[in-house]
């Protein structure tokens, strides 16, 4: 079984809904909060009404290529019960991990 190494909590971006009263909500700010928490309604500094800005989610980029190679190795896939299907020239798929 693969282990989850860390709990991922999303980062949300907020900015002033209309006229900003402070630098924080005028420029906008990021805050890390669980998805279960409600969206913030007021700037933490000046209490101005704020809105959550919907953005693109972060992409997962691994800087440790060796770890990716190890996780996707034939030996590790076989050990964890996965199939690795490879398309043949005739269009059929074959499980190459089958012994």
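Failed condition for residue 81, given (1) at pLDDT 85 or above; (2) in contact with a strand residue (DSSP E or B) (Cβ under 6 Å, 6 or more places away or on another chain), with all others met?
Unmet condition: (2).
Hey, could you check the stretch 19-40 for residues that are assigned to a loop (DSSP other than H, G, I, E, B) and either touching a strand residue (DSSP E or B) at 6+ places or on another chain (Cβ under 7 Å) or within 30 Å of residue 71 (Cβ to Cβ) (or both) and say which is modelled with the lowest pLDDT?
As a first pass, look at the stretch 19-40 and keep what is assigned to a loop (DSSP other than H, G, I, E, B): 19-22, 28, 33-40.
Now restrict to residues that are either touching a strand residue (DSSP E or B) at 6+ places or on another chain (Cβ under 7 Å) or within 30 Å of residue 71 (Cβ to Cβ) (or both): 28, 33-36, 39-40.
Numbers: 28: 88, 33: 83, 34: 82, 35: 79, 36: 83, 39: 90, 40: 91.
Only one residue fits best here, namely 35.
The values are calculated or read from the model by the stated rules, or taken from the named source; none is laboratory data. Predicted model, so just to flag it, every value in this text is computed and none were measured. Glycine gets a Cβ as well: all are built from the backbone with ideal geometry, and neighbour counts include every protein chain shown.
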